[in-house]
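Visitor: Let me give you the structure first, and then I'll get to my questions.
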Amino acid sequence: MGFQFVFLIPILGICVGLVAVIGGTIVRPWLAHKERRMQLEATMVAEKAAQYAAQSERLEQRVRVLERIITDRGVDLSHEIEQLRDTPLN
């Protein structure tokens, strides 16, 4: 039993050293890569959210204008539409 235990200690030491080397050369860069990738994805999601918010704001403004046209000047609506038809688009 004592003889087998003497060989077990150096083998365990070598295994621990290999795990440390593998952890430092493979696992750490892989984790850094995963972290960078998550940061890039978070940036992309934030940009998309800002684009959606801007689009939503533009649509809300357009709806407000339409509501104002319909509710404030219902009688003059056909006249305004005809004027819009006559004006050229850039």
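The values are calculated or read from the model by the stated rules, or taken from the named source; none is laboratory data. Note that the structure is predicted; figures quoted are calculated from it, not measured. Heads up, the Cβs are rebuilt from the backbone with ideal geometry, glycines too, and the neighbour counts pull from every protein chain shown. To get the accessible areas, we keep the full protein, side chains included, count just its heavy atoms, and leave off ligands, DNA and RNA. Shrake-Rupley method; radii C 1.70, N 1.55, O 1.52, S 1.80 Å.
Visitor: Which angle from 0 to 90°, rounded to the nearest 10, does the C-alpha axis of helix 77-86 make with the longest principal axis of the chain?
Guide: 80 degrees
Visitor: Over its Cα atoms, what ratio of radius of gyration to 2.2 N^0.38 Å does the chain give?
Guide: 2.84
Visitor: How large is the accessible surface per residue of the range 1-62, computed with a 1.4 Å probe and reported in Å² as a whole number?
Guide: Result: 92 Å² of accessible area for each residue.
Visitor: Something else: Using DSSP to define loop residues, name the trypsin sites (Lys or Arg not before Pro) in the range 5-90 whose beta-carbon has at most 11 other beta-carbon atoms within 10 Å.
Guide: Working: sites: Lys34, Arg36, Arg37, Lys48, Arg58, Arg62, Arg64, Arg68, Arg73, Arg85; in loops: Arg73.
Listed in order of number, the matching sites are Arg73.
Visitor: A further question follows. Compare the Cα positions of His33, Leu84, Tyr52 along the charge dipole of the chain (+1 at Cβ of Lys, Arg; -1 at Cβ of Asp, Glu; about the Cα centre) and return the one farthest towards the positive end.
Guide: Going by the charge dipole, the pick is His33.
Visitor: If the only charges are +1 at each Lys and Arg Cβ and -1 at each Asp and Glu Cβ, what is the size of the charge dipole of the chain around the Cα centre, to the nearest 20 debye? Working shown, then result.
Guide: Values: 11 positive and 11 negative charges, 139 e Å.
Dipole of the chain, to the nearest 20 debye: 660 debye.
Visitor: At a 1.4 Å probe, what is the % contribution of carbon and sulfur to the accessible area of the chain?
Guide: On the chain, the fraction of accessible area on carbon and sulfur atoms equals 68 percent.
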